[in-house]
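S.K.: One structure is given below, represented as structure tokens, and several questions about it will come after.
The values are calculated or read from the model by the stated rules, or taken from the named source; none is laboratory data. As the structure is a prediction and not an experimental result, all values here were calculated from the model. Cβ placement follows ideal geometry from the backbone for every residue including glycine, while neighbour counts extend to all protein chains displayed. Note: accessible area is taken over every heavy atom of the protein model, side chains too, but ligands, DNA and RNA are not part of it. Shrake-Rupley method; radii C 1.70, N 1.55, O 1.52, S 1.80 Å.
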Amino acid sequence: MARGDADFVEFARAASARLTHAAFLMTGDHHQAEDAAQTALVRTYASWSRIHDDDAYGYARRTLVNHLVDGWRRPMREYPTDEVPEQRREDVADDVATRRWLIAILGALSPRERAIVILRYYFDLPEAQVARELSVSVGTVKSTSSRALEKLRSATPRMADEEARR
Amino acid sequence: MSELERLRHAMRATERPDAVLDLASVMREGRRLRTRRRVAGAGAATLATGLAAVVVVVAVGASGPGAPAPTERPPPVAVAPPSVGVSPMAEKSLKSTPPPTVRNDEPLPKPLGQLVDSGVRHGTERRVYYFVPVSVPGEPKVSIGLAAGRQAPGGPLTTDILVNDVEGSDRSAGFHQIGYDEGSAPAPVPTFGYFVGPAKRIIGTVDGRQVDARVARWSFDKQVVIFWFDPVHLTPGERLDGIVARDGGGRRL
């Protein structure tokens, strides 16, 4: 294996879980998430000779998010909310509840809001960088984040009531 | 725990560190993509050369003897490469072609049919849309591209963005490439594109808001509907989340 390929494999092994999870947060679907992460890594590998000394992870993340945002533009897709979580023996109830809450809460957001929330609060990127990666203004990031958080706040009590009724 | 902290915690707590992707397949696809990009690069160079050769004649014909000298700003030529991913559907419509490739030595191809006046003004210039001939190697059914330009009083035309299909047919029914402002033109370019079919209305969606495009039929082929979004209602460069076309009866096409 060429040295560049070995570097890529090392990078991909380290980055794939986080990219896949980010894609899951954006789509709510494990299969779509894996497809999207795979697509991002394919494009990253295709450009590897030019980016591997720079910010390969940033390149892969930008590719992933823009691929998913573009994918939502046509056709518009529903955000699945009936995802069956992976079952693990320990803490299954907590895990299920957390995942269900997360999926429902993110599903209440528009694709753009979801992308901004995930870049800001999952990848912990500053607003200016989120704006650059999504090709929008910082003002749009601020206002969209604010709107998204407002939705989260208003959705949470409603969901807590639903949980309590279960 | 605040809602934001709970959200952050939940996003991390649900990570699956054991997620494994097929890296052999990733690298195989990546190599194919790299090859396609190289081929596309060669194709783009061929196209640019072709346009340059054609336009020398066109520029004379368009300007005419004694006409004002070509504008200082060179007309960029955007040549979209082939779809570069494993999800062609996501690549197809709402994504603009890549930022224009600016060529300093390239005159303007002669517009096909009449210019469409958008009603948008940039100082004394008017924003216009028009089709120009293009040729993409190996794609005989792609012969037109839609340009956004500015026309000064007296006639000189400056192209800001040109978008064109890079595969299939440029007259296939439905939406084609969408042109977005890339910040490279001196004046913002309102989002534009074309639809083939009996559309009376084109409606874009952004942030859950619906925005009606303005539409005009192409003088050369009435099946082709040129549309653009008023910059007052859709900020140039802002990406659409969705777009639909409706016929005179309000039916979605």
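S.K.: Accessible area lost on pairing A with B, both sides, 1.4 Å probe, Å² to nearest 100?
M.R.: Buried: approximately 4400 Å² between B and A.
S.K.: Can you list residues whose amide H is under 5 Å from B:His122's amide H, if they're 5+ apart or on another chain and H is modeled 1.01 Å from N?
M.R.: B:Arg127
S.K.: Between B:Ala24 and B:Leu112, what length comes free when the chain is fully extended (0.36 nm per residue of separation minus the Cα-Cα distance, one decimal in nm)? Kindly include the intermediate steps, with their values, before the conclusion.
M.R.: On the way: separation 88, 0.36 × 88 = 31.68 nm, distance 4.76 nm.
Between B:Ala24 and B:Leu112, full extension yields an extra 26.9 nm.
S.K.: Also, I was wondering about something else. Within 10 Å of each Cβ of B:235-244, how many other protein chain Cβ atoms are there on average?
M.R.: Details: counts 3, 0, 3, 4, 8, 2, 8, 6, 2, 2.
For peptide B:235-244, the averaged partner shielding equals 4.
S.K.: Please give, to one decimal in nm, the separation of the simple spin-label points placed at A:Ala6 and B:Gln223, each 7 Å out from Cα toward the Cβ.
M.R.: 5.7
S.K.: Another question, if that's okay. Measuring from label point to label point, each 7 Å out along Cα→Cβ, what is the B:His122 to A:Arg50 span in nm?
M.R.: My value for the distance between the label points is 2.6 nm.
S.K.: If you count only protein heavy atoms and use a 1.4 Å probe, how large is the accessible surface of A:His21, to the nearest 10 Å²?
M.R.: Accessible area, nearest 10 Å²: 10 Å².
S.K.: Please sort by residue number the chymotrypsin sites (Phe, Trp or Tyr not before Pro) in segment B:110-168 whose DSSP state is loop and whose Cβ has at most 13 other Cβ atoms within 10 Å.
M.R.: Taking segment B:110-168 and a limit of 13 other Cβ atoms within 10 Å, no loop chymotrypsin sites (Phe, Trp or Tyr not before Pro) are found.
S.K.: Also, I was wondering about something else. Provide, for q = 0.10, 0.13, 0.18, 0.21 Å⁻¹, the log10 of I(q)/I(0) from a solvent-free Debye sum over equal Cα point scatterers in segment B:119-248.
M.R.: Values, matching the q order: -0.31, -0.53, -1.01, -1.32.
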